[in-house]
Amino acid sequence: MRFTYLVGGEAGMGVAAAGRMLAKTFTRGGYFVHGMIDYPSLIRGGHNFYLATVSDERVWSQYFNPDIMIALNIDTIKKHSHRLLKGSGIITDYDFKLDGLQLADGVKIYRIPLTKIVKELKASLIVRNSVALGALMALIGFDLEILLKVIGKELGKHREIAEINIKAAKAGYEYSRSNFGVGSFAKIKPKGDSGNLVITGNEAVALGALRAGMKTYFAYPMTPASPILHFLALVQHDFDVVVVQPESEIAAINMAVGAWYAGSRSMVATSGGGFCLMTEALGQAAMTETPVVVVIAQRPGPSTGMPTYTSQGDLRFTIHASQGEFPRFVIAPGDSEEAFYLTVKAFNMAEKYQVPAIILTDKHLAESHATVPEFDLNKARVERGKIITGEYKGEEEYRRFKLTEDGISPMAIPGTLNAIVKVNSSEHNEFGYATANEANATRMMEKRFRKLRLMREEVENLPESVKIYGHRSSSTAIISWGSTKGAILEALKIIKERGADLKFIQVVFLAPFPEKRVREALKGVNKLILVENNYTGQLESLLREFLLRPVDERILKYNGRPFFPKELAEKILEVIK
């Protein structure tokens, strides 16, 4: 079973809330959902829509064509009528004039007196979204009580608001039941709550950070990373975490580096423009060998670009950002589930190797909702590095940058008994004193890069550094990274139905690049297809650099929108003919 819905309207009409509550309702009914929100970069106004696909098996991406559309204004029908296929449905206000609209043959229109019902309830016009949700429950024969419980939980902190929305949903259900009949559009019956989560990539990163023992979070608001700040600010007292919004991105990363130097696991999140401002401090973290975790939620550039849309254009920038040379981790989760576990991994690796760890997401992953299994906390444990706690017991004077075989020095926190901790962002000796001595500079650069050998070994030994899906022995493979994973997995289903069974290689760790694992995944591949949300195909540049392997075909999208499964499947089928 696969069912796609679209909720559309002007900003302020509760579009995102309606889409999210529907996603949670279907999940509580035992289904899987993947939903995305689309909105312009405007303070007020502008067209918003939420598009989601529901399935009885795990769904990795939303589909382009909705089965039913909830149009909270006439503009929604005008903008999205091209998506509607024969047999689709529209839930709209009874008062909207639909004359002259070009709709596909067989599109069913369900006129519900949304505004009238809300006025009778003496409620705000925004409550029309709940009337429409109730009407939808009747049209598809779904259990209204599940929706009402979701509304109650979502709006529970505001009892009166929750109650009026519940009444509105009931009224919408009753009108739809009486005038159209229960299950008149489709029949989707609940299957029982599986206990799965409905979560965005941003929320998954935030929860992963909390699980990893993060105690301080610093961020200057920047779409699409801002929801991490909002989420952590709401729960900071529950988890004994300090959440700070400083005056700039520069201040944010300096605070995060300083907090970790003082013994507090810390994180900062931003987008490409904010990360530009952070790059000097990233070098400071590298020179002082202070761990730090940075989340970059990509959006289209250059400059301000399209702040509320998606892109994968910052890969090369992230790998090489800041002055000079130093090792770092760059990790790109492909879905919300991976975002949780890989955030924990990023914290552990940053501290173990005393280097920056960068989590690279994008708007599509960061803000889309997905149904995922409940997280297994046994797979997300805190691992510490060479941290000295309580008292330094070495016989020699403590040296923060002690030369070691693996390049990793014992890390004492300021205030540790018997240890004076000195760090310096200029080149320095083992004790932390600045020096431009040439022999010392050679030793320290080599020391820092000795970590890279161990970092590479660890990445190569991680099964999750490179993942393979589909027909593992296929001679035709798709290769990609990040949020394109979802559309690719759904496209593979479509392609298989049409008689072709391909392999998909997902590269999760991009620095250090898992050269051996990627080479192994490419064995027997005669045709390699690159899929990315950017113009230049940046992953291919890494394949050329490390494996001397170009791709055979490129499928690139750079209009700020994610791939859709059928769109992608058609493009792949074209190049494999």
**OP:** State whether the residues of segment 246-266 include one that is within 30 Å of residue 32 (Cβ to Cβ) and assigned by TED's automatic domain parsing to the domain that holds residue 306.
**Re:** no
Original post:
residue 229 versus (1) under 19 Å from the mean Cα position of the chain (by Cα); (2) surrounded by 21 or more Cβ atoms within 10 Å (Cβ to Cβ); (3) free of Cβ contacts under 8 Å to residues at least 40 places away in the same chain: which is the lone unmet condition?
Top reply: (3)
Subject >> Filtered residue count, segment 1-54, keeping only those that are part of a strand (DSSP E or B) and basic (Lys, Arg) >> reply: 1
**OP:** Report yes if residue 43 is in contact (Cβ under 8 Å) with a residue 40 or more places away in the chain and among the aliphatic types (A, V, I, L, M), otherwise no.
**Re:** no
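For every residue, the table says whether it meets (1) among the charged types (D, E, K, R); (2) assigned to a strand (DSSP E or B); (3) more than 16 Å from the chain's Cα centre (by Cα); (4) under 22 Å from residue 459 (Cα atoms).
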{"site": "358", "(1), (2), (3), (4)": "no, yes, no, yes"}
{"site": "370", "(1), (2), (3), (4)": "no, yes, no, no"}
{"site": "374", "(1), (2), (3), (4)": "yes, no, yes, no"}
{"site": "385", "(1), (2), (3), (4)": "no, no, yes, yes"}
**OP:** Within segment 427-482, track down each residue that is surrounded by fewer than 18 Cβ atoms within 10 Å (Cβ to Cβ) and aromatic (Phe, Trp, Tyr).
**Re:** 431, 433, 449, 469
Original post:
Within the bounds of segment 413-436, is there any residue that is polar (S, T, N, Q), without any contact (Cβ under 8 Å) to a residue 24 or more places away in the chain and under 23 Å from residue 326 (Cα atoms)?
Top reply: yes
Original post:
Do you know which residues across segment 514-525 are surrounded by fewer than 22 Cβ atoms within 10 Å (Cβ to Cβ) and part of a loop (DSSP other than H, G, I, E, B)?
Top reply: 522, 523, 524, 525
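Surrounded by 24 or more Cβ atoms within 10 Å (Cβ to Cβ), farther than 30 Å from residue 536 by Cβ and in contact (Cβ under 8 Å) with a residue 12 or more places away in the chain: is that true of residue 375 in this structure? Before you say what the answer is, go through the steps one by one.
On the way: surrounded by 24 or more Cβ atoms within 10 Å (Cβ to Cβ): no; farther than 30 Å from residue 536 by Cβ: yes; in contact (Cβ under 8 Å) with a residue 12 or more places away in the chain: yes.
In short, no.
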Original post:
residue 81 versus (1) over 31 Å from the mean Cα position of the chain (by Cα); (2) in a helix (DSSP H, G or I); (3) among the polar types (S, T, N, Q): which is the lone unmet condition?
Top reply: (1)
Original post:
Restricting attention to segment 333-355, does a residue exist that is among the polar types (S, T, N, Q), assigned to a helix (DSSP H, G or I), under 12 Å from the mean Cα position of the chain (by Cα) and farther than 24 Å from residue 448 by Cα?
Top reply: yes
**OP:** Kindly check whether there is at least one residue in segment 55-64 that is touching a strand residue (DSSP E or B) at 6+ places or on another chain (Cβ under 7 Å), within 20 Å of residue 104 (Cα to Cα), assigned to a loop (DSSP other than H, G, I, E, B) and not assigned by TED's automatic domain parsing to the domain that holds residue 489.
**Re:** yes
Original post:
What do you reckon, is residue 366 outside any strand (DSSP E or B), surrounded by 21 or more Cβ atoms within 10 Å (Cβ to Cβ) and modelled with pLDDT of 95 or more?
Top reply: yes
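Answer with yes or no whether residue 407 is closer than 18 Å to residue 352 by Cα, at pLDDT 95 or above and either surrounded by 16 or more Cβ atoms within 10 Å (Cβ to Cβ) or not basic (Lys, Arg) (or both). Don't jump to the end; show me each part of the working.
Numbers: closer than 18 Å to residue 352 by Cα: yes; at pLDDT 95 or above: yes; either surrounded by 16 or more Cβ atoms within 10 Å (Cβ to Cβ) or not basic (Lys, Arg) (or both): yes.
The answer is yes for residue 407.
Looking only at segment 50-59, count every residue that is surrounded by fewer than 24 Cβ atoms within 10 Å (Cβ to Cβ) and either over 26 Å from the mean Cα position of the chain (by Cα) or not basic (Lys, Arg) (or both) and tell me the total.
Our first condition is that a residue be surrounded by fewer than 24 Cβ atoms within 10 Å (Cβ to Cβ); within segment 50-59, this holds for 55-58.
Next, only the ones that are either over 26 Å from the mean Cα position of the chain (by Cα) or not basic (Lys, Arg) (or both) stay: 55-57.
Number satisfying all stated conditions: 3.
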Original post:
Given 251, 206, 233, which one is closer than 17 Å to residue 347 by Cβ and among the aliphatic types (A, V, I, L, M)?
Top reply: 206
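Hey, can you tell me all the residues within segment 202-236 that are aliphatic (A, V, I, L, M), part of a helix (DSSP H, G or I) and farther than 17 Å from residue 250 by Cβ? Reasoning before the result, please.
Of the residues in segment 202-236, the ones aliphatic (A, V, I, L, M) are 204-207, 209-210, 212, 214, 219, 222, 225, 228-229, 232-235.
The next check asks that each one be part of a helix (DSSP H, G or I); those that pass are 204-207, 209-210, 228-229, 232-235.
Across segment 202-236, the qualifying residues are 204, 205, 206, 207, 209, 210, 228, 232, 233, 234, 235.
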Original post:
For segment 261-291, what are the residues that are surrounded by 20 or more Cβ atoms within 10 Å (Cβ to Cβ) and without any contact (Cβ under 8 Å) to a residue 60 or more places away in the chain?
Top reply: 266, 268, 270, 271, 272, 274, 275, 278, 281
Subject >> Subset tally (residues that are under 36 Å from the mean Cα position of the chain (by Cα), farther than 30 Å from residue 485 by Cβ and outside any helix (DSSP H, G or I)) for segment 414-473 >> reply: 5
**OP:** Give just the number: which of (1) over 20 Å from residue 328 (Cβ atoms); (2) touching a helix residue (DSSP H, G or I) at 6+ places or on another chain (Cβ under 7 Å); (3) surrounded by fewer than 23 Cβ atoms within 10 Å (Cβ to Cβ); (4) not charged (D, E, K, R) does residue 251 not satisfy?
**Re:** (2)
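The values are calculated or read from the model by the stated rules, or taken from the named source; none is laboratory data. Because the structure is a prediction, the values reported are computed rather than measured. Backbone-built Cβ (ideal geometry, glycine too); neighbour counts: all protein chains shown.
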